[in-house]
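Computed from the coordinates by the stated procedures, all read-outs in this text should not be read as laboratory data. All figures in this text were calculated on a predicted structure; none of them were measured in a lab. Note that we place each Cβ from the backbone using ideal geometry, even for glycine, and neighbour counts take in every protein chain shown.
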Amino acid sequence: MRIVLCDDDKDVLNLLEKYLQEYFSSCRLAQPVYSEYMSGEELLRTESRGGMEKVDIAFLDVEMLGLSGIHTGARLKKLYPKIKIFIVTSYPDYLDEAMRFHVFRYLSKPVDKKRLFRNMKDALYQLSIDTSEVSIETKEQTVIRSAEDIVMVEAVERHNCVITIGGTFESVNPAADWEGLLKMNCFFRPHRSYIINFKYIDSYSHNSILLSTPNGDTYTAYLTRRKYKEFKDAHLLYLEAMS
């Protein structure tokens, strides 16, 4: 894992790295590679040369001399689509602009260590989902897909259809296997015939869930009434983790 820190204040860079080292140590996780930059131009110049590990997480100051953190973050998103970007600033006026390119979190200066730790936990969880790959076994082939691209699994007669962003596959694995494979907080089994991904929920009622994808496809899953509260609570926890 590689984390980049970009701020024109060296004291802020040192404090952020100190807090991050504390976080990974407290969680007994391997320390990532840290790269520090004092300008957006320097950061992007280094990344455009290649030869470095991809960037997983970036902490960017908004107001720097030269290229702003907003523009630096937008360029990083194009280089690394799954990157989690933290905007660190004393200027909340930039919030709307930052959200246009899907900033993961917005942290105010001075950085609160407890809040940073909570948000890092969420970032690592989301990265684990984004980078998790699932093997879909069909009669003809084995297809590898990112877990986040799975919209839902539907039991149809004696078969399980795995609906993904890139198409639908008829899996030879039973539903119980799929429940084990998708043991992540973004997945939920609302009915014995369905496992759904919270990411694609459009709306729901007491007995059904409507899911929609970015390309306009829509799907409906049944929701068992006795599972309604459990589903709603799990969905709220998911939304809190993503906000």
TODO: Averaged over every viewing direction, what's the projected area of the C-alpha convex hull for the chain? Give it in nm², one decimal, please.
DONE: 15.1
Task: Helix 69-79 vs. the chain, principal-axis angle (Cα, 0 to 90°, nearest 10) - done: 50
Task: Nearest 10 degrees, 0 to 90: helix 228-242 Cα axis against the chain principal axis - done: 20
TODO: Mind giving me the FRET efficiency for Leu236 and Asp202? R0 is 22 Å, r the Cβ-Cβ distance, nearest 0.05 is fine.
DONE: 0.85
- [ ] Pick out, from Leu29, Leu67, Ser39, the residue whose Cα sits farthest towards the positive end of the charge dipole of region 1-72, with +1 on the Cβ of Lys and Arg and -1 on the Cβ of Asp and Glu.
- [x] Leu29
- [ ] Could you list, in their original order, any pairs among Lys84/Lys114; Lys199/Lys232; Lys84/Lys229; Lys113/Lys199 whose Cα atoms are separated by more than 25 Å?
- [x] Lys84/Lys229; Lys113/Lys199
Open item on the list: If you fit an axis through the alpha-carbon atoms of helix 40-49 and take the longest principal axis of the Cα set of the chain, what angle between them do you get, 0 to 90°, nearest 10?
Closed with: 60
- [ ] Could you work out how far apart the two model spin labels at Tyr125 and Cys27 are, taking each label as a point 7 Å from the Cα in the direction of the beta carbon, and quote it in nm?
- [x] 1.1
Open item on the list: Can you give the FRET efficiency to the nearest 0.05 for Thr46 and Val111, using r as the Cβ-Cβ distance and R₀ = 22 Å?
Closed with: 0.40
Task: Low-density loop positions, trypsin sites (Lys or Arg not before Pro), region 1-64 - DSSP coil, at most 15 other Cβ in 10 Å - done: Arg28, Lys54
- [ ] Between Glu63 and Arg192, with labels modelled 7 Å along Cα→Cβ, what's the label distance in nm to one decimal, could you check?
- [x] 6.2
Task: trypsin sites (Lys or Arg not before Pro) restricted to DSSP loop in region 121-211 with at most 16 other C-beta within 10 Å - done: Lys139, Arg158, Lys183, Arg192
- [ ] For Cys161 and Lys82, compute 0.36 nm times the residue count separating them, minus their Cα-Cα distance, and round to one decimal in nm.
- [x] 25.8 nm
- [ ] Please grab the % of Cα pairs in region 1-87 that end up more than 17 Å from each other.
- [x] 44
Task: Distance cut-off 27 Å, percentage of C-alpha pairs in region 112-243 lying past it - done: 20
Task: Of Ser146, Val103, Val162, farthest towards positive along the dipole that unit charges on Lys, Arg, Asp, Glu beta carbons give the chain - done: Val162
TODO: Per DSSP H run of at least 4 residues, take -39500 (n - 2.57); add these up for the chain, divide by its residues and hand me the 222 nm value, nearest 500 deg cm²/dmol.
DONE: -10500 deg cm²/dmol
